[in-house]
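*Asks:* Right, I'll just put the structure down here and ask away after.
The values are calculated or read from the model by the stated rules, or taken from the named source; none is laboratory data. Source: prediction; values computed, not measured. Ideal geometry is used to build each Cβ from the backbone, glycine not excepted, and the neighbour counts take in all protein chains shown.
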Amino acid sequence: MPRDNHYDAVVIGAGQAGVPLARALAEAGRTTVIIEREHVGGTCVNDGCTPTKTMVASARVAYLARRASDYGVQTGPVAVDMVEVRARKRAIVDRFRSGVERGLEATAGLTLLRGEAAFAGPRQVAVELLSGERIQLTGDVIVLNCGARPALPPVPGLAAIDVLTSTSIMELDVVPEHLLVLGGGTIGIEFGQMFRRFGSRVTIVQRGRHLLHREDADIAAAVRDVLIEDGIDILLETEAVRAASSDSGVQLTVRTPDGERTLTGSHLLVAVGRQSNTDRLNLDTAGVHTNERGFVAVNERLETSAPGIYALGDVNGGPAFTHISYDDFRVLRMNLLGEGGATTRGRFLPYTVFIDPQLGRVGMSEQEARERGRNVLVATMPMSSVARALELGETRGLIKVLVDADSKLILGAAVLGIEGGELMAMLQIAMMGNVPFTALRDGVFAHPTLAESLNNLFAHVVEKP
């Protein structure tokens with residue numbers, strides 16, 4: 001640690017942007033400190049992508065085991081051991097986290113501090129170390145990468161009962177008898193399907209008219225059909241009114257289009273959004289402003305309202321995806337260490353919802369394209385028309401693409417199907433390269449692969465004379 005505790009760069013939070021940035025700065029000769037109050041790796045490694053997708057894999061194995069007879073394979077009764085599922089998840093998380101820690105510790109010129117950071121003034125940071133010692137740091141550049149956490153909605157009685165969040169639900173050692181899920185977004189439906197496959201009865205309560213509010217109504221309806229087929233109860237246009245404990249677990253009173261009703265479950269997962277981890281940072285002291293949702297306000301260069309202070313990843317209120325956080329790192333690295341001029345303007349926003357089958361999305365939705373007045377052609381094709389999906393016995397879902405009628409370029413796509421995220425990425429690459437849809441329509445792809453579905457899909461795009 002420098003004698004005067006002054007660094008070229010201070011990074012608060014060891015998430016998916018903060019870690020590579022801290023290493024890049026240190027490797028470039030900048031004295032750098034990174035401060036983490038809990039676990040390095042951020043939400044992705046500890047509470048998000050890594051553990052959830054590990055558990056999704058376990059749930060899919062249970063699902064396939066129950067479907068074994070569909071493939072002519074006879075098995076016995078399927079049982080899920082949540083203690084073993086949890087142990088596998090913990091082991092993979094520990095492996096990923098320890099890898100991040102080793103990378104930080106091996107980087108010359110980089111100091112890792114364990115503790116809670118808060119601003120003590122402009123470019124001044126106070127750190128209360130886990131040992132109880134309190135130190136003061138200053139930095140020419142300060143980077144916030146402290147993420148977000150699950151939010152609790154203001155439902156009467158909710159704060160007084162033992163609810164599950166996207167973090168705590170992964171520590172269960174039993175399969176819930178009846179899991180109530182408040183929220184029909186990505187987190188709610190991923191966990192809902194996962195625990196249904198583990199053996200729970202599942203009810204999803206969604207305030208909106210359809211699941212996954214970013215999606216077109218037809219895609220959301222197809223997702224709903226998949227979940228219903230899996231045996232999940234879904235209540236749309238339904239709002240939580242109050243919550244209370246009960247002898248069997250929890251009671252959730254909801255208001256539906258047909259009136260109030262009370263749901264009784266063994267467990268309640270609250271999955272209605274996330275809130276910024278900035279409440280203990282003393283942002284006002286540093287002159288850092290937040291937006292109307294409480295996230296750090298940044299411009300397209302990720303600069304906050306305070307000179308020399310930047311915010312990366314979930315804490316700045318942008319799309320809460322690991323790949324967006326990592327791209328934030330690349331933008332700031334270019335501006336601090338490279339040629340400069342990098343911004344977040346116009347970047348692609350692909351994402352995959354890891355239900356089964358996956359939903360991969362990139363570019364505009366149909367609703368968005370029409371609201372923008374674009375002259376679009378739309379083509380859809382059910383996965384039941386894809387040879388490879390038929391061979392695999394995975395025919396649920398559909399592919400939907402939007403094409404600009406004038407330029408013939410792809411504007412957006414939604415792939416609800418087996419390996420939907422991978423197939424979506426192929427379409428994204430075509431979009432990145434400004435490849436016209438006709439090239440994919442007429443391309444020669446290996447048979448039998450999911451990729452060759454693009455031939456038939458784009459054959460459905462009927463060009464106007």
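*Asks:* As an exercise: evaluate ILE228 against (1) in a helix (DSSP H, G or I); (2) crowded, with 22+ Cβ neighbours inside 10 Å; (3) not charged (D, E, K, R) and give the number of the one condition it does not meet.
*Replies:* ILE228 satisfies all of (1) in a helix (DSSP H, G or I); (2) crowded, with 22+ Cβ neighbours inside 10 Å; (3) not charged (D, E, K, R) except (2).
Residue by residue, here is whether (1) modelled with pLDDT of 95 or more; (2) under 22 Å from ALA151 (Cα atoms); (3) touching a strand residue (DSSP E or B) at 6+ places or on another chain (Cβ under 6 Å); (4) of a type in the set (Asp, Glu) holds:
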site: VAL254; (1), (2), (3), (4): yes, yes, yes, no
site: THR262; (1), (2), (3), (4): yes, no, yes, no
site: LEU268; (1), (2), (3), (4): yes, yes, yes, no
site: GLY273; (1), (2), (3), (4): no, yes, no, no
site: LEU281; (1), (2), (3), (4): yes, yes, yes, no
site: GLY287; (1), (2), (3), (4): yes, no, no, no
site: ARG301; (1), (2), (3), (4): yes, no, no, no
site: THR304; (1), (2), (3), (4): yes, no, yes, no
site: ILE309; (1), (2), (3), (4): yes, no, yes, no
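*Asks:* Please give the number of the condition HIS460 fails out of (1) in contact (Cβ under 8 Å) with a residue 60 or more places away in the chain; (2) under 28 Å from the mean Cα position of the chain (by Cα).
*Replies:* With respect to (1) in contact (Cβ under 8 Å) with a residue 60 or more places away in the chain; (2) under 28 Å from the mean Cα position of the chain (by Cα), HIS460 is out only on (2).
*Asks:* Just for strands (runs of 3 or more DSSP E) wholly inside the range 106-157: which have at least 3 residues that are under 21 Å from LEU336 (Cα atoms)?
*Replies:* Passing ranges, in order: 110-121, 134-144.
*Asks:* While we're looking at this one, here's another question. Would a scan of the range 328-337 turn up a residue that is charged (D, E, K, R) and outside any helix (DSSP H, G or I)?
*Replies:* The answer is no; no qualifying residue exists.
*Asks:* Which ones in the range 46-64 are farther than 16 Å from LEU392 by Cβ, hydrophobic (A, V, I, L, M, F, W, C) and free of Cβ contacts under 8 Å to residues at least 60 places away in the same chain?
*Replies:* Selection gives ALA57 alone.
*Asks:* On the given criteria, is VAL10 surrounded by 14 or more Cβ atoms within 10 Å (Cβ to Cβ), outside the structural domain of GLU229 (by TED's automatic domain parsing), touching a residue at least 12 places away in the same chain (Cβ under 8 Å) and under 28 Å from GLY338 (Cβ atoms)?
*Replies:* When the stated conditions are applied, VAL10 passes them.
*Asks:* Quick check on LEU180: is it surrounded by 14 or more Cβ atoms within 10 Å (Cβ to Cβ), modelled with pLDDT under 95 and within 30 Å of ILE219 (Cα to Cα)?
*Replies:* For LEU180, the condition - surrounded by 14 or more Cβ atoms within 10 Å (Cβ to Cβ), modelled with pLDDT under 95 and within 30 Å of ILE219 (Cα to Cα) - is not met.
*Asks:* Is it the case that the range 190-205 has a residue that's under 16 Å from HIS267 (Cβ atoms), surrounded by 21 or more Cβ atoms within 10 Å (Cβ to Cβ) and small (Gly, Ala, Ser)?
*Replies:* yes
*Asks:* What is the residue count in the range 163-213 for residues that are out of contact with any helix residue (DSSP H, G or I) (no Cβ under 9 Å at 6 or more places or on another chain) and either of a type in the set (Phe, Trp, Tyr) or free of Cβ contacts under 8 Å to residues at least 12 places away in the same chain (or both)?
*Replies:* Residues meeting the conditions: 1.
*Asks:* Here is a follow-up. Is at least one residue of the range 283-301 outside the structural domain of GLU177 (by TED's automatic domain parsing), among the acidic types (Asp, Glu), in a loop (DSSP other than H, G, I, E, B) and out of contact with any Pro (no Cβ under 7 Å at 6 or more places or on another chain)?
*Replies:* For the range 283-301, residues outside the structural domain of GLU177 (by TED's automatic domain parsing), among the acidic types (Asp, Glu), in a loop (DSSP other than H, G, I, E, B) and out of contact with any Pro (no Cβ under 7 Å at 6 or more places or on another chain): present.
*Asks:* Within the range 252-271, track down each residue that is assigned to a loop (DSSP other than H, G, I, E, B) and either buried (at least 20 other Cβ atoms within 10 Å of the Cβ) or polar (S, T, N, Q) (or both).
*Replies:* Those that are assigned to a loop (DSSP other than H, G, I, E, B) and either buried (at least 20 other Cβ atoms within 10 Å of the Cβ) or polar (S, T, N, Q) (or both): SER266, ALA271.
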